[in-house]
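Participant: The structure under discussion is supplied below as structure tokens; questions concerning it will follow.
Since every read-out is calculated from the coordinates, none of them should be taken as a lab result. Keep in mind that what you see is a predicted model, and the values were worked out from it rather than measured. Methodologically, a virtual Cβ is constructed for each residue, glycine included, from the backbone with ideal geometry; neighbour enumeration extends over all protein chains shown.
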Amino acid sequence: MVFSSFAPVAAALIGFGGLAAPHVPDSMLQLTMHETSGRVTSASLTCEPTGGTHRHRDAACATLEAVNGDFSRISPRRQKCTMIYSPVDVTALGSWRGTPVTYRATYPNKCAADSQSNGVFAL
């Protein structure tokens with residue numbers, strides 16, 4: 001039989017069928033900050049499991065876990081910020097445990113965005 005030499009390869013490939021697929025994160029967000037200077041900063045954040053390019057992803061996921069992904073319920077942290085007005089627009093797009101997330105806000109400056117979001121927008 002011509003295909004008999006392929007039998008061991010086929011058997012090996014069938015054996016790989018038992019491997020578990022990689023775990024897809026339950027929550028995936030793209031966070032973006034637009035500064036008045038024109039600078040745009042962006043980071044990805046995945047939770048459950050924690051990952052992405054966010055510098056403080058563990059803390060950001062913990063903050064969002066505490067409010068079940070509802071940005072409007074985040075409790076600000078106490079942090080001293082300057083009173084310099086240099087507004088930033090932030091967005092969060094993606095999903096939290098299968099629920100679509102679209103969040104937009106404007107803060108007086110980057111420090112305020114960081115403190116008011118309890119570190120989620122510390123980009």
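Participant: Return the residues of segment 64-81 that are part of a helix (DSSP H, G or I) and either touching a helix residue (DSSP H, G or I) at 6+ places or on another chain (Cβ under 7 Å) or within 20 Å of PRO108 (Cβ to Cβ) (or both); say none if nothing qualifies.
Facilitator: Scanning segment 64-81 gives PHE71, SER72.
Participant: Could you check how many residues of segment 32-59 are aliphatic (A, V, I, L, M) and in contact with a helix residue (DSSP H, G or I) (Cβ under 8 Å, 6 or more places away or on another chain)? First the steps, then the outcome.
Facilitator: First, pick out the residues of segment 32-59 that are aliphatic (A, V, I, L, M): 33, 40, 43, 45, 59.
Cutting the leftovers down to in contact with a helix residue (DSSP H, G or I) (Cβ under 8 Å, 6 or more places away or on another chain) gives us 33, 45.
Summing the residues that are aliphatic (A, V, I, L, M) and in contact with a helix residue (DSSP H, G or I) (Cβ under 8 Å, 6 or more places away or on another chain) in segment 32-59 gives 2.
Participant: Considering only residues that are surrounded by 17 or more Cβ atoms within 10 Å (Cβ to Cβ), touching a residue at least 60 places away in the same chain (Cβ under 8 Å) and among the aliphatic types (A, V, I, L, M), which ones fall in segment 46-69?
Facilitator: ALA60
Participant: I need the full set of residues from segment 82-119 which are part of a loop (DSSP other than H, G, I, E, B) and either of a type outside the set (Lys, Arg) or out of contact with any Asp or Glu (no Cβ under 6 Å at 6 or more places or on another chain) (or both), in order please.
Facilitator: THR82, MET83, ILE84, TYR85, SER86, PRO87, GLY98, PRO108, ASN109, SER117, ASN118, GLY119
Participant: Right, another one. Answer yes if at least one residue in segment 18-33 is on the phi < 0 side of the Ramachandran plot, loosely packed, with under 14 Cβ neighbours inside 10 Å, of a type outside the set (A, V, I, L, M) and assigned to a loop (DSSP other than H, G, I, E, B), and no otherwise.
Facilitator: So far as segment 18-33 goes, yes, one or more of its residues are on the phi < 0 side of the Ramachandran plot, loosely packed, with under 14 Cβ neighbours inside 10 Å, of a type outside the set (A, V, I, L, M) and assigned to a loop (DSSP other than H, G, I, E, B).
Participant: Suppose we keep only residues that are hydrophobic (A, V, I, L, M, F, W, C), surrounded by 11 or more Cβ atoms within 10 Å (Cβ to Cβ) and under 16 Å from SER37 (Cα atoms) within segment 70-112. Which one would you say is nearest to the chain's Cα centre (by Cα)?
Facilitator: VAL90
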